[in-house]
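K.L.:
So that we are looking at the same thing, I have put the structure below in structure tokens.
The values are calculated or read from the model by the stated rules, or taken from the named source; none is laboratory data. Note that this is a predicted model, so its numbers are computed, not measured. FYI the Cβ positions are ideal-geometry reconstructions off the backbone, even for glycines, and counts take in every protein chain you see.
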Amino acid sequence: MKRLAGIVFVSLVLLPGAAAQPVSLAVTHEELAQLTAVSGYEERVTAWLAEWLKKFNPEVDNLGNVVVTLGAGAPHRLLVTPIDEPGYVVSAITPEGYLRLQRLPQSPPSSGQAGVHPWFDVLHAAQPVEILTRSGKLVPGVIAGLSTHLHRDLSTAERTDQLDRLYVDVGARSAEEVRALGVDLLDPLALEKNSYWLSNSERTAPFISARAGAAALVHLLGRLDPVKLDGTLTVAFVVRRYVSQQGLERVLRRFDAGEVFLLQPLERGEAEPGAGVLVANVEGGEPALAADLLRLARENHVRARAELAEPAPRGRYTGEFPLPARTAIVGIPVRFPQTPAEVVSHDDLQQLSDLLGLYIGLLREELPLTGVGGSSAGGATRQSVEDYLRDLATVYGVSGHEGPVAERIIGMLPPDAREWATQDGKGNVFLPFGRPSEKPRLIFVAHMDEIGWEVADIRHDGRLVLARRGGFLEEYFLGRAVLVHTAEHQVPAVLELPADYRTAAYQPAPGREHVAYIGARTRAEAEARGIQVGDSVTVPKKYRRLAGRRANARSFDDRVGSTALIAAAWQLWRRLVPGEPLLDKVDREVIFVWAVEEEIGLEGAKHFAARAAEEGGMPEFVFAVDTFVSGDSPLESPRFAGAQLGEGFVVRAVDNSNVAPRAWVDRVVEIARRNNIPVQYGVTAGGNDGAAFVPYGAVDIPLGWPLRYSHSAAEVADLSDVEALARIVAALALEF
């Protein structure tokens, strides 16, 4: 569903001949909503508006306000809407290459001034973000988060819910590398923008309501016939709502309008998406204009409702703004306001545009609505290690639902190896090769599954009760978009926040019930979307390159390990004489295993180990190929888990489930150094699949790679470590 807003923006700014009218209200809103516009840094939206509205000769002032004035004389109507969103600005760059942040707005909310809620910072932790540089380039990064495996005591772990604990990782190793990317102090930063359609024409995206008013007014201008306009109409798109409403104040002091329509969020409104247009008067002001709008809505069957009066806008130092008696505040309902998964209704937005058009009385024919969509497909030929990882990391496979991952892995193996790849009754994929000899039998096991949820119940109101699959810090997922994976397709949803998130700070709540909202109003409506109890649920993900050789994607744990086995298989196949089977060329028995259900207790590995023991195929050594959760982060203690990104694969010698004998650790290190493979070794936390083989007589020697911010959307790895991991697997298969 996501459009390439950045490309659209560049084409509009650089090509003077670009079209001047949006395709539809839905597309206009989506394009505007995906542009970063932190308060005080709204230039991308300003440029977009100036280009789209150029036939109206818009004025752009030195703050960034965009103003269109049509007609002349009385009556003079002013329609004004903010275009900015809350976010952050780079306030410092550490010598290690991390960015420090200051939030905009800096001041807490007060009467008549915009602010943010207590959860705002915690909802940004461990999330993908974008930094807007002075050149207009968007630099990807992630906000650091605590690694789940290193913080098992969730009730006492220190949380990343305060500015002093927010660090941004762009993949750089130094301040110099950060600046080489074009990033510097004062650059604004916001969440990466992705939008999803829910049921009942609802859409979710980070701060999507921030540009709802702008979309409605752009759409309205595209439908007006200026020749027939009676009086003067001024439409203003104003900046800096979260900086003492400076843009609004300037416009109000400049234009002496007889009627003012403020299109903005209604902070006191409690209506849900689908309720229509919300109309309120200014606290202490006259209700006449609001009453006229509501009457017009009733007469024309436009959904609208009266809301409580809103505080009059005011400046931090200048007091209340000049407003005429005929002033109304107009908006649409927002579910989960000021979160990464705000929900608004396109139908409500259309009603808003229609109501304003009816009031002005001069509408052209409606523009047709067009849809947007996309698809992706994976390859099955020999590729680079990064190609394998990019492909595999974006496949979904919650514990117990690994079928698509298994299918993709088999398809990515060397062609003749695919014939040997098998799935057992549990769903594990295994690839045996080599021949019996005096050398020890080896198994390498990575896991295919990822953390997520299953639908445990569908409530009468259409909301989904979820059961966790795997361990994670819930604050990195509450209030975000999720995907329900049905038998036929993916259904977007939002993982709900507690009802008091706008007034109470985040507190850990072990056992908190997780509920997903899909926009449905009844159980039958949810079921009509194909949703059933037992369907898996995940957070959306994609592969993102950071600076240097760093990359980000959720589920690197353990798609990196799975990728390493695929890449190792190709490396082994390439060493052979073309056409000769690997079975005859490797003088020992080796099995590559891609296991299921590791995140919920090593279930796939336990099944495979038990069967191997029964059938006499237990290996002498098992190499679990999984994450080395690293303390290479400004949020973690340097006491242990000290493997560094970019310094090589890691022998995961000690973790919660196993201690590898030092003699065998040293043997792996010796083989790595002989083959010029960068290697580290150390102690971390978490369990590994190899522990399931130890009771049957195997020695567990886990292999990993350093990973930052485990079990979050911010996971970061270094591609050179992934390549080293694949190389050591191939070397051990031949030399151990």
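K.L.:
So, in region 436-494, of the ones that are of a type in the set (Ser, Thr, Tyr) and in a loop (DSSP other than H, G, I, E, B), which residue ends up modelled with the highest pLDDT? Outline the logic, then answer.
P.N.:
Of the residues in region 436-494, the ones of a type in the set (Ser, Thr, Tyr) are 437, 476, 486.
Filter once more, keeping what is in a loop (DSSP other than H, G, I, E, B): 437, 486.
On the way: Ser437: 89, Thr486: 96.
Residue satisfying both the conditions and the ranking: Thr486.
K.L.:
Filter region 311-345 down to the residues that are among the hydroxyl-bearing types (Ser, Thr, Tyr) and surrounded by fewer than 20 Cβ atoms within 10 Å (Cβ to Cβ), then identify the one that is nearest to Leu79 (Cα to Cα). Quick ask: steps written out before the conclusion?
P.N.:
Quick first cut of region 311-345, residues among the hydroxyl-bearing types (Ser, Thr, Tyr) only: 317-318, 327, 339, 345.
Add one more test, that the residue is surrounded by fewer than 20 Cβ atoms within 10 Å (Cβ to Cβ), and what stays is 317-318.
On the way: Tyr317: 24, Thr318: 22 Å.
Among those residues, the one meeting the criterion is Thr318.
K.L.:
Only residues that are of a type in the set (A, V, I, L, M, F, W, C) and more than 9 Å from Tyr681 (Cα to Cα): list them for region 640-653, please.
P.N.:
Step one: of region 640-653, the residues of a type in the set (A, V, I, L, M, F, W, C) are 640-641, 643, 645, 649-651, 653.
Listed by number, the residues that qualify are Phe640, Ala641, Leu645.
K.L.:
Out of the residues in region 44-67 meeting the condition of being of a type outside the set (A, V, I, L, M) and in contact (Cβ under 8 Å) with a residue 60 or more places away in the chain, tell me which one is nearest to Lys137 (Cα to Cα). Explain how you work it out, then say what you get.
P.N.:
Let us first name the residues in region 44-67 that are of a type outside the set (A, V, I, L, M), namely 44, 46, 48, 51-52, 54-59, 61-62, 64-65.
Right, trim to in contact (Cβ under 8 Å) with a residue 60 or more places away in the chain and you get 44, 46, 52, 56, 61, 64-65.
Details: Arg44: 11, Thr46: 16, Trp52: 21, Phe56: 28, Asp61: 23, Gly64: 19, Asn65: 22 Å.
Only one residue fits best here, namely Arg44.
K.L.:
So, of the residues in region 666-715 that are surrounded by 24 or more Cβ atoms within 10 Å (Cβ to Cβ) and aromatic (Phe, Trp, Tyr), which turns out to be nearest to Leu389 (Cα to Cα)?
P.N.:
Filtering first and then ranking leaves Trp705.
K.L.:
Within region 599-608, can one find any residue that is out of contact with any strand residue (DSSP E or B) (no Cβ under 7 Å at 6 or more places or on another chain), at positive phi and either surrounded by 22 or more Cβ atoms within 10 Å (Cβ to Cβ) or in a strand (DSSP E or B) (or both)?
P.N.:
Checked region 599-608: at least one residue is out of contact with any strand residue (DSSP E or B) (no Cβ under 7 Å at 6 or more places or on another chain), at positive phi and either surrounded by 22 or more Cβ atoms within 10 Å (Cβ to Cβ) or in a strand (DSSP E or B) (or both).
K.L.:
What tally of residues in region 613-633 results from selecting those that are surrounded by 15 or more Cβ atoms within 10 Å (Cβ to Cβ) and more than 13 Å from Val590 (Cα to Cα)?
P.N.:
Counting residues in region 613-633 that are surrounded by 15 or more Cβ atoms within 10 Å (Cβ to Cβ) and more than 13 Å from Val590 (Cα to Cα) gives 11.
Conditions tested, residue by residue: (1) in a strand (DSSP E or B); (2) in contact with a Ser or Thr (Cβ under 7 Å, 6 or more places away or on another chain).
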{"site": "Arg253", "(1), (2)": "no, no"}
{"site": "Val260", "(1), (2)": "yes, yes"}
{"site": "Pro265", "(1), (2)": "no, yes"}
{"site": "Glu272", "(1), (2)": "no, no"}
{"site": "Ala280", "(1), (2)": "yes, no"}
{"site": "Leu294", "(1), (2)": "no, no"}
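K.L.:
Note down all Cβ pairs under 6 Å where the first residue falls in region 612-637 and is under 16 Å from Val445 (Cα atoms), the second is among the acidic types (Asp, Glu) and buried (at least 21 other Cβ atoms within 10 Å of the Cβ), and they're at least six residues apart or on different chains.
P.N.:
Pairs found: Val622/Asp700; Ala624/Asp689; Asp626/Asp558; Thr627/Asp557.
K.L.:
So which residues in region 159-186 are surrounded by fewer than 23 Cβ atoms within 10 Å (Cβ to Cβ) and part of a loop (DSSP other than H, G, I, E, B)?
P.N.:
Scanning region 159-186 gives Arg159, Asp161, Gln162, Arg173, Ser174, Leu181, Gly182, Asp184, Leu185, Leu186.
K.L.:
Still on this structure: What are the residue pairs meeting all of these: first residue in region 311-322, first residue among the aromatic types (Phe, Trp, Tyr), second residue in a strand (DSSP E or B), Cβ atoms under 8 Å, and 6 or more apart or on different chains?
P.N.:
Matching pairs, first to second residue: Phe321/Arg314; Phe321/Gly315.
K.L.:
Separate question: It is to be established whether one or more residues within region 431-452 are without any contact (Cβ under 8 Å) to a residue 24 or more places away in the chain, under 30 Å from Glu589 (Cα atoms) and touching a strand residue (DSSP E or B) at 6+ places or on another chain (Cβ under 8 Å). Steps first, please.
P.N.:
Start the filter on region 431-452 by keeping residues that are without any contact (Cβ under 8 Å) to a residue 24 or more places away in the chain, which leaves 438.
Next cut, under 30 Å from Glu589 (Cα atoms) only: 438.
With touching a strand residue (DSSP E or B) at 6+ places or on another chain (Cβ under 8 Å) added as a condition, the list becomes none.
No, the conditions are met nowhere in region 431-452.
K.L.:
Another one. Which pairs do you get when a residue that is under 17 Å from Pro333 (Cα atoms), found in region 213-225, comes within reach of a residue that is acidic (Asp, Glu), reach meaning Cβ atoms under 9 angstrom, with the pair 6+ apart or on two chains?
P.N.:
Within 9 Å, the pairs are Ala215/Glu30; Ala215/Glu31.
K.L.:
Still on this structure, please answer the following. Please tell me if Ala564 is over 17 Å from Ser712 (Cβ atoms), at pLDDT 95 or above and not aromatic (Phe, Trp, Tyr).
P.N.:
Yes; evaluated as a whole, the condition is true for this residue.
K.L.:
Right, next: For residues that are of a type in the set (Ser, Thr, Tyr) and in contact with a helix residue (DSSP H, G or I) (Cβ under 7 Å, 6 or more places away or on another chain), tally how many sit in region 178-223. Walk me through how you get there before you give the answer.
P.N.:
At the first step, the residues of region 178-223 found to be of a type in the set (Ser, Thr, Tyr) are 195-196, 199, 201, 204, 209.
Pick out the ones that are also in contact with a helix residue (DSSP H, G or I) (Cβ under 7 Å, 6 or more places away or on another chain) and you get 195, 199, 201.
Qualifying residue count, region 178-223: 3.
K.L.:
Let me ask something else about it. Scan region 216-242 residue by residue and report those that are among the β-branched types (Val, Ile, Thr) and touching a strand residue (DSSP E or B) at 6+ places or on another chain (Cβ under 7 Å).
P.N.:
Within region 216-242, the first condition is being among the β-branched types (Val, Ile, Thr), and the residues that meet it are 218, 227, 232, 234-235, 238-239.
Within region 216-242, Thr232, Thr234, Val235, Val238 meet the criteria.
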